[in-house]
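Take a look at the structure set out below.
The values are calculated or read from the model by the stated rules, or taken from the named source; none is laboratory data. The structure presented is a predicted model; accordingly, all values stated were derived computationally and were not measured. In this analysis, Cβ positions are derived from the backbone assuming ideal geometry, glycine residues included, and neighbour counts consider all displayed protein chains.
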Amino acid sequence: MPDGPTLRSRIVRGLRVVFPLAALGILSLLFLLARQPSGDRAIPYVEADAEALAQKTGMTAPRFAGVTRDGAQLALRAAQAVPEGEGGDGEGSARDVVLDWQARDGLTARLVAADGSVADGLIHLSGGVTMTTSTGWKVTAPVVEASTGADRIVAPARVSAEAPFGTVDAAAMDLRRQPDGTHVLDLNGGVRLLYRP
């Protein structure tokens with residue numbers, strides 16, 4: 001037997017040098033041939049006056065979540081919230097508001113509004129509110145109030161509703177929890193029903 005390295009050992013020793021050099025060459029080519037980032041894929045920057053933004057008080061994309069004493073889950077979010085009053089010590093308001101409400105019995109409602117605020121245990125939505133329920137109702141009203149302490153959503157002004165069986169117009173709406181734990185959507189005051197079988 002020969003005392004020197006076998007052919008296999010020489011090949012392995014050679015490949016231990018060739019493979020890392022080939023990997024470095026491939027990585028170098030990747031970096032050298034990479035394209036420059038296009039303008040539309042670059043990181044967007046705010047194009048507003050920084051001084052004006054620094055003087056304004058507010059939050060972007062605020063969120064509020066909670067559970068009522070009856071067990072309904074509330075999740076409120078908005079595009080922007082700003083405090084009212086001097087120095088930001090007022091109640092405040094929000095823009096482009098979405099309220100997701102889910103009762104313990106499985107009933108869900110999504111309320112979308114242009115404006116909203118939270119004060120004294122009420123979520124006040126205004127600017128044209130649309131409420132969609134899991135039972136197939138779509139209710140629109142100028143103003144809607146949802147309680148943060150009880151399973152209750154009220155529209156005190158004129159409402160229009162698309163129901164699974166037709167359209168309903170009424171002077172007010174009240175979605176509330178019954179003593180047996182179920183929920184009822186009560187439309188009252190000058191109710192007009194257009195039934196579609």
Problem set entry | residue 169 modelled with pLDDT of 90 or more, charged (D, E, K, R), more than 14 Å from residue 99 (Cβ to Cβ) and over 25 Å from the mean Cα position of the chain (by Cα) | yes
For this session: Starting from residues that are within 25 Å of residue 67 (Cβ to Cβ) and surrounded by 16 or more Cβ atoms within 10 Å (Cβ to Cβ), keep the ones in region 150-166 and report whichever is modelled with the lowest pLDDT.
Result: 151
Exercise. So which residues in region 116-138 are surrounded by 18 or more Cβ atoms within 10 Å (Cβ to Cβ) and assigned to a loop (DSSP other than H, G, I, E, B), if there are any at all?
Worked result: 137
For this session: Tell me, yes or no, whether region 19-32 has at least one residue that is surrounded by 10 or more Cβ atoms within 10 Å (Cβ to Cβ), at pLDDT 80 or above and aromatic (Phe, Trp, Tyr).
Result: yes
For this session: Can you give me the number of residues within region 155-173 that are under 21 Å from residue 116 (Cβ atoms) and of a type in the set (Val, Ile, Thr)?
Result: 1
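Consider residue 48 carefully, then state whether it is modelled with pLDDT under 90, small (Gly, Ala, Ser) and either touching a Gly at 6+ places or on another chain (Cβ under 6 Å) or assigned to a strand (DSSP E or B) (or both). I'd like the intermediate steps shown before the answer.
Details: modelled with pLDDT under 90: yes; small (Gly, Ala, Ser): yes; either touching a Gly at 6+ places or on another chain (Cβ under 6 Å) or assigned to a strand (DSSP E or B) (or both): no.
It is false that residue 48 is modelled with pLDDT under 90, small (Gly, Ala, Ser) and either touching a Gly at 6+ places or on another chain (Cβ under 6 Å) or assigned to a strand (DSSP E or B) (or both).
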For this session: Write out, first by first residue and then by second, each pair whose Cβ atoms fall under 6 Å of each other, whose residues are 6+ apart or on separate chains, and whose first residue, in region 96-114, is free of Cβ contacts under 8 Å to residues at least 40 places away in the same chain and surrounded by fewer than 18 Cβ atoms within 10 Å (Cβ to Cβ) while the second is hydroxyl-bearing (Ser, Thr, Tyr) and not in a strand (DSSP E or B).
Result: 108/134
Exercise. Can you name the number of the only condition in (1) more than 24 Å from residue 59 (Cβ to Cβ); (2) touching a residue at least 12 places away in the same chain (Cβ under 8 Å); (3) not aromatic (Phe, Trp, Tyr) that residue 178 fails?
Worked result: (2)
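In the list 58, 85, 136, which residue meets the criterion of being small (Gly, Ala, Ser) and at pLDDT 85 or above? Explain how you work it out, then say what you get.
Numbers: 58 fails: at pLDDT 85 or above; 85 fails: at pLDDT 85 or above.
On inspection, the qualifying residue turns out to be 136.
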